[in-house]
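For reference, the structure discussed in these notes is given below.
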Amino acid sequence: MLSLAAVSAGYGSFRALFDVSLDVNAGEAVGVIGPNGAGKTTMMRVISGLVPLVSGAMTFDGRSINGLSAHRIVERGIAHVPENRRLFPRLSVDDNLLMGAYLRTDKLGIAADLERIYAMFPILAERQRQDAGTLSGGEQQMCAIGRGLMAAPRVLLIDELSLGLAPRAVELLSETLRKVNATGVAILLVEQDVMNALELANRAYVIDHGRVTKSGPAIGLASDPAICEAYMGLS
């Protein structure tokens, strides 16, 4: 469904990705792991239309998305939950969630999806009139994921799910993402918690120094001695 073929990208003269190829199939959960500064966030921004391609190709449902603006990418069915959440801190939880649906015109569908998000994250329902900037880190991540889902995506990109969060919050968010994935929404997850990423994903890619160095079934990568030593502190 979503395919990257030999994608290279960067910032000005700095190259962050080199010939990255990656696929996300319909309804699949795919993890992306690797060290800090490896290019994972850049890859997500390229897919979302926030960073331009230098070379290579991206397709969604067999149609090119090269060069599309960020809002056109969302219209196609790809929503991005960015690193550090990027909520509007002085807007309410309710308004932040509705921002995710800004391209939609189906008022009944928007209302139904908003209720679904509040059922998914009951704590947000309690805080729907509260400024998003006053939420805890875990609650902000719930709001960011909810905002992404309000776009009614077919693929949800999540950059650093667990960053700065308590283990219990990560556990709750991970369980929610499993339920979201079970509804047919494909997930592409960049995650610093390697074990969590591999537990959530069907398949995974390892990116290091801007290149894909390994890929395969998540269960296989979780038992790979090199992965265990490099990213889990096991040997």
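No value in this document is a laboratory result; all are computed from the given coordinates. Remember, it's a predicted structure, so these values are computed and weren't measured experimentally. Here the Cβ positions follow ideal geometry from the backbone for every residue, glycine too, while neighbour counts run over all protein chains shown.
Sorted into 10 angstrom bins from 0, the C-alpha pair distances of the chain split as 8, 33, 37, 19, 3, 0 percent. Straight Cα distances below 29 angstrom link Lys214 to the lysines Lys40, Lys179, with same-chain residues fewer than 8 positions distant left out. Run a plain Debye calculation on the stretch 1-58 (Cα atoms as equal point scatterers, no solvent) and give log10 I(q)/I(0) at q = 0.12, 0.27 Å⁻¹, rounded to two decimals, same order as the q list. These q points yield log10 I(q)/I(0) values of -0.26, -1.22.
Taking every alpha-carbon pair under 8 Å whose residues sit at least 6 apart, the chain reaches a relative contact order of 28 percent.
The angle between the Cα long axis of helix 167-182 and the longest principal axis of the Cα atoms of the chain comes to about 90 degrees, rounded to the nearest 10. Can you find, among Leu97, Ala70, Val7, the residue farthest towards the positive end of the dipole of the chain? Put +1 on the C-beta of Lys and Arg, -1 on that of Asp and Glu. Of the listed residues, the answer is Ala70. The calculated FRET efficiency for the pair Asn66 and Arg86, based on their C-beta separation and a Förster distance of 22 Å, comes to about 0.35. Site pair Lys107 and Ile219 shows an inter-label distance of 4.9 nm when each label is modelled 7 Å from Cα along Cα→Cβ. Glu175 to Ser55: FRET efficiency via 1/(1 + (r/R0)^6), r the Cβ-Cβ distance, R0 35 Å, to the nearest 0.05? The formula returns an efficiency of 0.35 here.
At 222 nm, what value in deg cm²/dmol follows for the chain if DSSP H runs of at least 4 each add -39500 (n - 2.57) and the sum is divided by all its residues, to the nearest 500? The per-residue figure over the chain is -10500 deg cm²/dmol.
Ordering Ile47, Ile78 from the fewest to the most neighbouring beta carbons within 10 Å gives Ile47, Ile78.
Across the stretch 102-158, the convex hull enclosing all Cα atoms gives 94 Å³ per residue. Fewest neighbouring Cβ atoms within 10 Å first, the residues Arg45, Arg104 line up as Arg104, Arg45. When Lys40, Lys107, Lys214 are arranged by Cβ crowding within 10 Å, least crowded first, meaning fewest neighbours, the order is Lys107, Lys214, Lys40.
By the Cα gyration tensor, the stretch 137-235 has an equivalent ellipsoid whose semi-axes, rounded to whole angstrom, run 24, 16, 12 from largest to smallest.
The HN-Hα couplings worked out from phi for the stretch 205-215 by the Karplus form 6.51 cos²θ - 1.76 cosθ + 1.60 (θ = phi - 60°) are 10, 9, 10, 9, 6, x, 10, 6, 9, 8, 7 Hz, whole numbers, x standing for Gly and Pro. Cα gyration tensor of the stretch 35-169, axes a ≥ b ≥ c as square roots of the eigenvalues: rounded (a/c below 1.5), prolate (a/b > b/c) or oblate? Oblate.
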